[in-house]
Amino acid sequence: MAAALVAGGNIISRLLGFVREPVIAALFGASGATDAFEVATRLPQLVHELVIGGAVSGVLIPLFSEMASDDRRLARTFSSLIASVGVALVGVTFVLVALAEPLVAAAAPGLPLETRQLAVVMTRITLPAVLFLGLSAVTAARLYARDRYAAPSFAPGTLNGTLIVLALALTPVVGPVGVAIGYLAGAGAHLLIQTPALVRDGVRLTAPALRGNPDTARALRLYLPIAAGLVVAQVLVIVDTNLASRTGEGSLAIMRFATRLQQFPLGLIGSAIALAFLPVLARSAPEDARDLVNAAEFKSALVAAARSAFVLMVPVTVLLTALSVPVIRVVYERGAFDAAATDLTGLALLIYAVQLPLTVLDQIFIAAFYATRNTLTPVLVGVGGGLAYLITALALVEPFGVFGLVAANSVQNSLHGAVLGWLLWRRLGGFGDPGLWFFGIRVIAAGGLAAAVGLFLREWSTVALEPAGAAGWRVLLASGAGIVIVYVAALALLRVPEVPRLVNLIRNRLRARGAI
């Protein structure tokens with residue numbers, strides 16, 4: 001039920017994201033206006049991640065899960081954290097709004113002057129969203145810990161929906177800043193939609209004890225390694241933005257549109273499974289890290305999450321690599337987004353998509369480390385991945401431009417997942433499932449067969465595909481269905497157990513609804 005609610009929220013959010021990005025592409029194309037909006041959203045997202053974003057899965061959900069049955073302790077800690085985050089973010093927002101011009105100049109010096117000025121205006125509009133998103137992150141962690149999944153799962157959808165409506169309504173009137181206003185309003189809606197769930201859960205705000213609360217002190221202590229890692233990560237975001245701004249107008253737009261598409265399955269599968277399993281992992285993890293070798297329930301939950309995520313991500317990877325250009329054409333190619341932008345963004349999507357199987361496992365591994373109260377190891381691995389990114393980016397940006405940066409991001413994320421998985425395996429003394437390697441080989445074999453079919457369908461869809469419209473979607477859906485059917489059939493022939501489990505789950509849901 002938990003995974004279904006999280007997945008449902010993610011589906012709606014990601015589908016609205018599917019609408020949001022084509023709307024922006026149609027309004028502005030791969031142009032300077034899109035570059036400006038990308039800078040204006042990267043900066044508040046950077047601040048949000050530094051202050052609170054990484055603490056949700058790393059600290060707050062495990063912490064709140066521990067005290068979910070103690071209402072008084074939960075109310076005291078929740079009140080303290082809400083007050084701390086609110087005060088910190090109000091101050092940070094005022095300072096950053098005042099410094100928006102030098103911040104944009106430092107982050108994207110390669111943008112033309114007119115584009116940079118537009119980015120400054122947009123950034124001053126979007127930065128207050130940091131306050132709403134920060135408070136929303138704390139409330140979401142509390143709701144997840146209390147097994148209230150619906151509101152926080154559907155909150156991102158309200159942000160996307162609000163942005164879409166206001167972008168379409170305001171851009172013809174006020175110009176490109178309309179989409180920035182939509183982003184700010186969406187961040188406010190992200191927080192407001194969780195308020196009724198908090199009321200129903202009987203949330204009580206007490207006088208915040210900013211001092212003398214051991215749980216608050218513990219949260220801050222656990223967060224320090226995460227904060228250090230986030231500083232490194234966000235420095236890399238600034239470097240990435242800086243380098244991309246020097247590779248020509250529209251480069252940030254290309255990265256944005258390709259990134260959003262590959263983030264769709266990551267959020268739909270990886271984030272949903274990781275968030276759904278995190279409270280379970282946190283409750284089943286032993287207090288003493290030395291007991292992890294014998295933590296059978298913890299290992300079982302971890303393996304179930306990883307196997308499910310991997311099985312679901314492999315066909316998505318095949319689809320986005322084999323059909324990268326057709327996907328971009330159908331989703332984006334309309335209005336100001338032309339065929340040239342389609343080809344460039346399609347290549348970026350292909351490079352991004354290769355990393356997806358390891359990246360989705362990386363999200364599960366991070367959740368497992370956080371559940372064991374180990375926030376340092378993912379940070380150290382992240383620093384190593386950051387160094388790998390810098391080496392790769394600086395080596396490839398000159399000969400390959402923006403695509404060198406895309407490749408560097410894929411190397412960084414893949415390396416992070418591989419190393420973190422190996423370290424987790426060592427720490428647990430194995431995953432407790434001797435058939436994992438055989439399972440992985442069978443899934444990869446099924447993916448290889450689906451990829452062969454996908455390459456054939458790529459040629460067919462390129463010829464048959466219209467730039468946009470219902471006919472284009474029909475061709476793309478037919479091609480995707482072909483890949484999925486071949487993949488599922490191969491899994492069934494290879495007797496991968498996740499297939500009958502999924503069939504039984506669907507059958508039980510249909511029976512529960514009276515459909516069969």
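The values are calculated or read from the model by the stated rules, or taken from the named source; none is laboratory data. In this text, all values refer to a predicted model and were calculated from it rather than measured experimentally. Note that we place each Cβ from the backbone using ideal geometry, even for glycine, and neighbour counts take in every protein chain shown. Just the protein is used for accessible areas: all its heavy atoms, side chains included, with ligands, DNA and RNA removed. Shrake-Rupley method; radii C 1.70, N 1.55, O 1.52, S 1.80 Å.
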query = Rg (Å, one decimal) plus Dmax (Å, integer) for the alpha carbons of the stretch 293-429?
reply = 17.7, 58
remark   = Order by accessible surface, 1.4 Å probe, largest leading, for residues 162, 342 comes to 162, 342
ask   = Applying the Karplus parametrisation 6.51 cos²θ - 1.76 cosθ + 1.60 with θ = phi - 60° to the phi angles of the stretch 357-362, what ³J(HN,Hα) value in whole Hz is obtained for each residue in order, glycine and proline being reported as x?
value = x, 6, 5, 5, 5, 4
query = In whole Hz, what ³J(HN,Hα) sequence does the stretch 105-117 give by Karplus (6.51, -1.76, 1.60; θ = phi - 60°), x for Gly and Pro?
reply = 4, 6, 6, 9, x, x, 6, x, 4, 5, 5, 5, 5
remark   = If the chain between residue 83 and residue 200 were fully extended at 0.36 nm per residue, the gain over the current Cα-Cα distance would be 40.0 nm
message = Can you list residues from other chains, or at least 5 along the same chain, whose modelled amide H is less than 5 Å from the amide H of residue 30?
response = 338
note = Counting only protein heavy atoms and rolling a 1.4 Å probe, one gets per residue an accessible area for the stretch 21-177 in Å² of 34 Å²
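Packing-wise, with mean Cβ within 10 Å as the measure, how do 60-66, 474-480, 21-27, 390-396 rank, highest first?
Working: 60-66: 24.1, 474-480: 18.3, 21-27: 22.6, 390-396: 16.3.
The most tightly packed comes first, giving 60-66, 21-27, 474-480, 390-396.
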request  = Give the span of the stretch 388-450's Cα atoms along each principal axis, as three whole-Å numbers ordered largest to smallest.
outcome  = 45, 34, 10
task = Figure the gain on full extension for residue 174 and residue 418 (residue separation times 0.36 nm, minus the Cα-Cα span) and round it to one decimal in nm.
result = 83.2 nm
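Using only Cα atoms, what Kirkwood radius does the stretch 82-128 have, in angstroms?
On the way: mean 1/r = 0.0880 Å⁻¹.
When all Cα pairs of the stretch 82-128 are included, the Kirkwood radius is 11.4 Å.
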note = If amide H atoms are modeled at 1.01 Å from N in the peptide plane, then the residues at a separation of 5 or more from residue 149, or on another chain, having amide H under 5 Å from its own are none
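Viscosity 1.306 mPa s, temperature 10 °C: Stokes-Einstein D of the stretch 116-204 from its Kirkwood Cα radius, in µm² per second? Could you put the intermediate results ahead of the total?
On the way: Rh = 13.7 Å.
The diffusion coefficient I find is 116 µm²/s.
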ask   = Between residue 493 and residue 114, what is the spin-label point distance in nm, taking each point 7 Å from the Cα along the Cα→C-beta axis?
value = 5.8 nm
query = What are the ³J(HN,Hα) values, in whole Hz, obtained from phi via the Karplus relation 6.51 cos²θ - 1.76 cosθ + 1.60 with θ = phi - 60°, for each residue of the stretch 173-182 in sequence order, with x given for Gly and Pro?
reply = 9, 10, x, x, 5, x, 6, 5, 4, x
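Could you sort 167-176, 426-435 so that the peptide with the highest average Cβ count within 10 Å comes first and the rest follow in order?
Taking the mean over residues of other Cβ atoms within 10 Å, the ranking is 167-176, 426-435.
May I ask you to compute the full-extension gain from residue 445 to residue 94, defined as 0.36 nm times their residue separation minus their alpha-carbon distance, rounded to one decimal in nm? Intermediate results must be reported in sequence, preceding the final value.
Working: separation 351, 0.36 × 351 = 126.36 nm, distance 5.39 nm.
That works out to 121.0 nm of additional length.
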